[in-house]
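Beneath this line is the structure, given in structure tokens, with notes to follow.
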Amino acid sequence: MPLIGQHDLENPLEVERFALAAGFDLARRFGAHVKVVSLIDRPSSSSRNWPIWWPRGGAGELLDWIDEVSEQRRKHAVAQYNAIVSSQDPQPLQTESPTPGFTANFSEQVGEVVTMLGPICRLSDLIVTSAADTDWLVPFSPLVEHILCDAGKPLLVVPKNSAGVIGENVAVAWDGSAASARAAAAALPFLRLAREITVFTCDELGKADVDPADMVAYLAWHGLDARSARIKDAGQRPGPAIIDAALEQNCDLVVLGAGLHSRAHRLVFGSMTEYVVDKPRIAALLVP
């Protein structure tokens, strides 16, 4: 669970709390280890270290402000971790050594966040992070994009104000692609704990017919009972259509293969990955 103090300066203790709560709940249910890493940007070059002849023009004050906010975020990460550990019943054993059962540990790493993410996240079975209600200049949240590109591991994105247990009623988005097949396979531990599983397909213009019964049969070979739902003539792109249908069925988690497409492709066909990340309404398990 990477913490970067994202993205709300007005409510810094609230932003990542939902992801922490979801991650610890899953670890307790699976008897797993939670590795929480606070990623701290390397301090900027303070204006106090600049040559005396260098014109400031407000740049020095800006750098000092960035350093101050970075330190605040570091303290918030520690506070969030301590609060979530204290709320657990039973509390996890805090250890860095391999130990059976529900365990946890907290550490800090200083450097360039985007370069630290990949090496840290690759040594995990599951990455958990918060969704951000933020309009970015780039298509995805930078945190999510770098994890999907560099880690190569399943990523659980938890929306703000998420409540209750994640994974009791699971939606599987199935379009017959290799990516969605990988996602279903990676989600099997979640699906074995689920009370209900629904496989959703959405008819798309120009794509061959995909039968959700194929994925239902695959899951049956793993001893899982799933039902299917085909969305026809939705009048909207697959992302919103499947999420709307999943919420109507009271699903609390959607499983999908994560794809990073070119901007031209997204303008024509849309991107379900981008939709569930940038307009978060339900927890999403993204598998690259």
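Of all residues in segment 81-97, exactly one satisfies the criterion of being in a helix (DSSP H, G or I) and either over 18 Å from residue 36 (Cα atoms) or in contact with a Pro (Cβ under 9 Å, 6 or more places away or on another chain) (or both), namely 85. Applying a threshold of 7 Å to beta carbon distances and a minimum spacing of six or more residues, or different chains, the list of pairs starting in segment 241-264 at a residue that is over 13 Å from residue 201 (Cβ atoms) and assigned to a loop (DSSP other than H, G, I, E, B) and ending at one that is modelled with pLDDT of 90 or more and open to solvent by 60 Å² or more (accessible area, probe 1.4 Å) reads 252/168.
For residues that are open to solvent by less than 30 Å² (accessible area, probe 1.4 Å) and aliphatic (A, V, I, L, M), scanning just segment 112-125, find the one that is nearest to residue 75 (Cα to Cα). Step by step, filter segment 112-125, then rank; the result is 113.
When 29, 56, 48, 42 are screened for being modelled with pLDDT of 90 or more, open to solvent by 80 Å² or more (accessible area, probe 1.4 Å) and of a type outside the set (Val, Ile, Thr), only 29 passes.
Among the residues making up segment 78-111, those that are open to solvent by 50 Å² or more (accessible area, probe 1.4 Å) and out of contact with any strand residue (DSSP E or B) (no Cβ under 7 Å at 6 or more places or on another chain) are 82, 83, 86, 87, 89, 90, 91, 97, 98, 100. Filter segment 162-178 down to residues that are among the small types (Gly, Ala, Ser) and in contact with a Leu (Cβ under 8 Å, 6 or more places away or on another chain), then give me how many there are. Summing the residues that are among the small types (Gly, Ala, Ser) and in contact with a Leu (Cβ under 8 Å, 6 or more places away or on another chain) in segment 162-178 gives 3. If the condition is being open to solvent by 70 Å² or more (accessible area, probe 1.4 Å), at pLDDT 90 or above and in a loop (DSSP other than H, G, I, E, B), then segment 224-240 contributes only 225.
The values are calculated or read from the model by the stated rules, or taken from the named source; none is laboratory data. On a predicted model such as this, the values are computed, not experimentally measured, just so you know. FYI the Cβ positions are ideal-geometry reconstructions off the backbone, even for glycines, and counts take in every protein chain you see. Just so you know, the surface numbers come from the protein's heavy atoms only, side chains and all, with ligands and any DNA or RNA stripped out. Shrake-Rupley method; radii C 1.70, N 1.55, O 1.52, S 1.80 Å.
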